[in-house]
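Here is the structure we will look at, set down as structure tokens.
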Amino acid sequence: MSEVPQEEEQKKGVSRRGLIIGGGVAAAGVAGFALLNRGGGGNAAGDCVTTDLSDTEATLNMSNWPEYVDEDDGDYVSTLTTFEQETGIDVTYTPDVNDNVEFFAKVRNQLGACQPTGRDMFVLTDWMAARMIDAGWIQKLDKANIPNVDKNLISSLQGVGWDPNREYSAPWQSGFTGIAYNKSLVGEVATMDELLTRSDLKGKITLLTEMRDTMGLMLLAEGADPANFTSDQWGNALEKLSKARTDGQVRAFTGNEYVNDLAAGNIAACVAWSGDVAAAEDENLVFLPPEEGMMIWSDNMIVPVQGMHKTNAEKLIDFYYDPVQAAKLAAYVWYVCPVEGAQAEMEKIDPSLVDNPLIFPTADFLASTHNFMALSEADAAKYEQEFADVIG
């Protein structure tokens, strides 16, 4: 079993996976996606015509997750500042993507009506980016303006089903969903079955409120492929989850706060996101891939309809696919770097990070990862509601 212990000089970050499903928020999220599915004032792909003002306006408005970019610090010049200096483009960077559903609610009415959102770029998780692309709410990128993406995007992130030629998206960072445990309290928790059944863990575990992360691991525990599962396999995995909860194995379903409980000893083990565990800077906390496998995800740069500075956005995308800039960013955020060549550049920045599998995973490390199947809007609403019913 490959462990990833925490080391002293790790950079802080926050989770990119915080999707709250349950109660009122679940209902709002499912209802919102249902509106997207049946139109809800939405435009079909190609119906919304957007004028690019990049030639006359050297500005760019970008929405991203908190603590997801490096910052100027003394003599250190951040990647965003370097971009502004090199291009003359003034970037308004707003960390207002707290979770996918919440951000969707902020922008869906404008996107559906082909109106400006006040943003030229979003950074959203695979499944949400896919939904927006499918709805016709995202502009196609000009490949001539982003040669570094085709040249340097790592092979494991090429050819995704929802954007097979990366015509609409470019990954910002990626990460993993696996198991974390506090080694000062319990021995290694190597499988999902152990997490859900071991007597020494009863009432001392948490699972994630993000359906694709928790149920992806549950499907793997059932021997199913999260990227291609049947309704029966889904039902079996959901039944196993329901039993674990009924048996009192699960203390709670949580968002980011599980890390604090794990460090404090309130829980002994949990389903976890790689970056959150790394950010805890606690030598007792260990993140590892379950023997059944782990989930992998990406957050993606996309340009919405009525994003008025698409060419400027493409310049920023191409800039971050320069291995030098990608390495600087990766050294700060501690997530999987999507850029080929950044690992070699990391030798010059921080040699201790060159072989860190949370940033530069090996082929063996990636072999244990799985994506979640692309869902129709009807299936997504159904599965999300069923999951919400189980977790309460």
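For the reader, a short list of remarks on this structure follows.
- Relative contact order computed over the chain (Cα-Cα under 8 Å; 6+ residues apart), in percent: 30
- Straightening the chain between Glu188 and Lys202 buys 3.5 nm, computed as 0.36 nm per residue apart minus the Cα-Cα spacing.
- Degrees between helix 100-112 axis and first principal axis of the chain (Cα, 0 to 90, nearest 10): 30
- A cut-off of 5 Å between modelled amide H atoms, ignoring neighbours fewer than 5 places along the same chain, links Ala272 with Gly178, Ile179, Ala180.
- Stretchable slack from Ala113 to Asp232, in nm (0.36 nm times residue separation minus alpha-carbon distance): 39.0 nm
- Contact order normalised by residue count of the range 316-369, Cα under 8 Å, 6+ apart, percent: 30
- Scanning the chain for cysteines with no neighbouring cysteine C-beta under 4.7 angstrom from their C-beta gives Cys270, Cys337.
- The Cα-based radius of gyration and maximum Cα-Cα distance (Dmax) for the range 166-306 are 15.8, 55 Å.
- Residue-by-residue Karplus 3J(HN,Hα) for the range 367-377, coefficients 6.51, -1.76, 1.60, Hz, glycine and proline x: 4, 8, 9, 9, 8, 8, 4, 5, 10, 5, 4
- Cα centroid of the range 328-351 to Cα centroid of the range 242-275, whole Å: 30
- Database remark: amide H of Asn98 closer than 5 angstrom to the amide H of Phe103 (H placed geometrically; neighbours at sequence offset of 5 or more, or on other chains; Pro and chain starts carry no H).
- Summing +1 for each Lys or Arg and -1 for each Asp or Glu among the other residues whose beta-carbon sits under 11 angstrom from that of Leu157 gives -2.
- Cut-off 18 Å (backbone N to label point 7 Å along Cα→Cβ of Ala264), residues of the range 170-189: 181-185
- Between 0 and 90°, nearest 10: helix 231-246 axis offset from the chain longest Cα axis: 60
- For the range 150-241: rounded, prolate or oblate by the Cα gyration tensor [a/c cutoff 1.5]: oblate
- The phi-based Karplus calculation (6.51 cos²θ - 1.76 cosθ + 1.60; θ = phi - 60°) puts the 3J(HN,Hα) values of the range 176-192 at 10, 10, x, 10, 10, 8, 9, 5, 7, 10, 9, x, 3, 10, 8, 9, 5 Hz, whole numbers, x for Gly and Pro.
- Residues whose amide H falls under 5 Å from that of Trp172, counting only those 5 or more places apart or on a different chain, are Asp299, Asn300, Met301, with hydrogens built in the peptide plane.
- Inter-part distance where the range 51-80 and the range 169-234 are each reduced to a Cα centre, Å: 35
- Sorting Thr51, Thr206, Thr246 on solvent-accessible area from highest to lowest, probe radius 1.4 Å, gives Thr246, Thr51, Thr206.
- Secondary-structure-derived ellipticity at 222 nm for the chain, considering helices only, amounts to -11000 deg cm²/dmol, per-run term -39500 (n - 2.57) for DSSP H runs with n ≥ 4.
- With θ taken as phi - 60° and the Karplus curve 6.51 cos²θ - 1.76 cosθ + 1.60 applied, the whole-hertz 3J(HN,Hα) list for the range 159-164 is x, 5, x, 7, 8, x Hz, x standing for glycine and proline.
- Principal axis box of the range 106-152, alpha-carbon based, largest edge first, Å: 36, 21, 16
- Nearest 10 degrees, 0 to 90: helix 23-37 Cα axis against the chain principal axis: 50
- Solvent exposure, largest accessible area first (probe 1.4 Å, DNA, RNA and ligands not counted), of Glu291, Glu314: Glu291, Glu314
- Convex hull volume per residue in cubic angstrom - Cα atoms of the range 240-358: 161
- Between Gln385 and Val354, residue separation times 0.36 nm minus the direct Cα-Cα distance comes to 7.0 nm.
The values are calculated or read from the model by the stated rules, or taken from the named source; none is laboratory data. On a predicted model such as this, the values are computed, not experimentally measured, just so you know. Heads up, the Cβs are rebuilt from the backbone with ideal geometry, glycines too, and the neighbour counts pull from every protein chain shown. The area values use the complete protein model at the heavy-atom level, side chains included, leaving out ligands, DNA and RNA. Shrake-Rupley method; radii C 1.70, N 1.55, O 1.52, S 1.80 Å.
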